[in-house]
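A.B. asks: Below you'll find the structure I mean.
The values are calculated or read from the model by the stated rules, or taken from the named source; none is laboratory data. In this text the structure is predicted, and so the values were computed from the model without any measurement. Because the Cβ atoms are built from the backbone with ideal geometry, glycine has one as well, and the counts that use them run over all protein chains shown. For the accessible areas, the whole protein counts, side chains as well, though only heavy atoms, and no ligand, DNA or RNA atoms are used. Shrake-Rupley method; radii C 1.70, N 1.55, O 1.52, S 1.80 Å.
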Amino acid sequence: MHIPESLQDLADSEAVQFLKRPKIIARIFAGVFSLIVFSSLLTDGYQNKTENPQLRCVLNSNNVACSFAVGAGFLAFLSCLVFLVLDAHESRITSSRFKTAFQLLDFILAVLWAIIWFVGFCFLANQWQHSPPRQFLLGSSSAKAAIAFTFFSILVWIFQAYLAFQDLQNDAPVPYNHSLDEGGVVLTTLSPPSAFSPVNTPTTGPNSLSYASSALSPYLTTPKAPRLAMMPGN
C-alpha cells in the first residue's frame, strides 16, 4: 500500500511520534477517565427529591461521596495536563538529577493515584449499593458511569506507575563509570604506579633526553654516591 508523501511526513512528525508513546497514551486515557468521573457527577450527580428541593448526592444521599469523586477527578485531570506539558519538554532537560527527580515524582504520583482511585471505587460502589432504588428520578446513569471509570482509572494509573518504574531502571546511573567528553578531550582517572609494579624505563643513550624518565618520581630512582679518587702521595 502506497502512502502519500504528505501523510508519511505527518506520521514521521515529532507530534505524532510524541502521541504514539505508551506513556503519553496512558496519560491521555487517565485524563479522559478523570474528566468523565467528575463531569458526570457535576451534571447529574446532585438531585432533589419531589418533596424536598434540597440537592443531595445520588450515591446514598452522601454528599461526601460525590465531593470525593469530583475533587479527585478534577485534581487527577490537572495532574495529567501538567505531566503532559513536562513530557513535551522532556527532551530539553539536560540535567540528569532533574530528570531522575521528575521520573521519581511521576512514579510516586502514579502509585498514589492508583491507591486513591482504588479507595474511591470501593467507597462509591458501596454507597451505590446501599442507595434505595428509584430514590431519584435522574442521576443513576451518571453514578454508574462515575463508578465504572473510577475502576478504569485504577488500571491506567497502575500502568503509568509501571512505565515510570521502567524509566527509572533504564536511566539509573552506573556507579563510578563516568567519562567526561568536553571539547573533544576525554578525561580519565589515572592510577599512580604502585610499589610492587615494575617500572619500565626506556634505554637511551647518555646524550639523549627522555620525557618519560624526567616524568618519573624522584622517589623511584636512587641517587648515586660520589666517587672518591685516590691521589698518589708525593
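A.B. asks: Inside segment 90-117, can you point out the residues that are of a type in the set (S, T, Y) and free of Cβ contacts under 8 Å to residues at least 24 places away in the same chain?
C.D. replies: Of all residues in segment 90-117, those of a type in the set (S, T, Y) come to 91, 94-96, 100.
Listed by number, the residues that qualify are S91, T94, S95.
A.B. asks: Hey, another quick one. Restricting to segment 86-115, name every residue that is at pLDDT 85 or above and either open to solvent by 80 Å² or more (accessible area, probe 1.4 Å) or of a type in the set (D, E) (or both).
C.D. replies: Selection gives D87, L104, L105, D106, I108, L112, I115.
A.B. asks: Before we move on, is S131 among the polar types (S, T, N, Q), modelled with pLDDT of 80 or more and not in a helix (DSSP H, G or I)? Before the answer, list the steps.
C.D. replies: Working: among the polar types (S, T, N, Q): yes; modelled with pLDDT of 80 or more: yes; not in a helix (DSSP H, G or I): yes.
In short, yes.
A.B. asks: Using the structure shown, decide if A146 is modelled with pLDDT of 90 or more and out of contact with any strand residue (DSSP E or B) (no Cβ under 7 Å at 6 or more places or on another chain).
C.D. replies: Numbers: modelled with pLDDT of 90 or more: yes; out of contact with any strand residue (DSSP E or B) (no Cβ under 7 Å at 6 or more places or on another chain): yes.
Yes, satisfied.
A.B. asks: Quickly run through segment 20-43 and pick out the residues that are part of a helix (DSSP H, G or I), over 18 Å from F121 (Cβ atoms) and out of contact with any helix residue (DSSP H, G or I) (no Cβ under 7 Å at 6 or more places or on another chain).
C.D. replies: Passing the criteria: I25, I28.
A.B. asks: Specify which of the listed residues (F118, F83) is crowded, with 18+ Cβ neighbours inside 10 Å and closer than 22 Å to A30 by Cβ. Steps first, answer last, please.
C.D. replies: Numbers: F118 fails: crowded, with 18+ Cβ neighbours inside 10 Å.
F83 is the lone residue from the list that is crowded, with 18+ Cβ neighbours inside 10 Å and closer than 22 Å to A30 by Cβ.
A.B. asks: Okay, moving on. For segment 62-80, give me each residue that is open to solvent by 30 Å² or more (accessible area, probe 1.4 Å) and farther than 16 Å from W113 by Cβ.
C.D. replies: Correct list: N62, N63, V64, S67.
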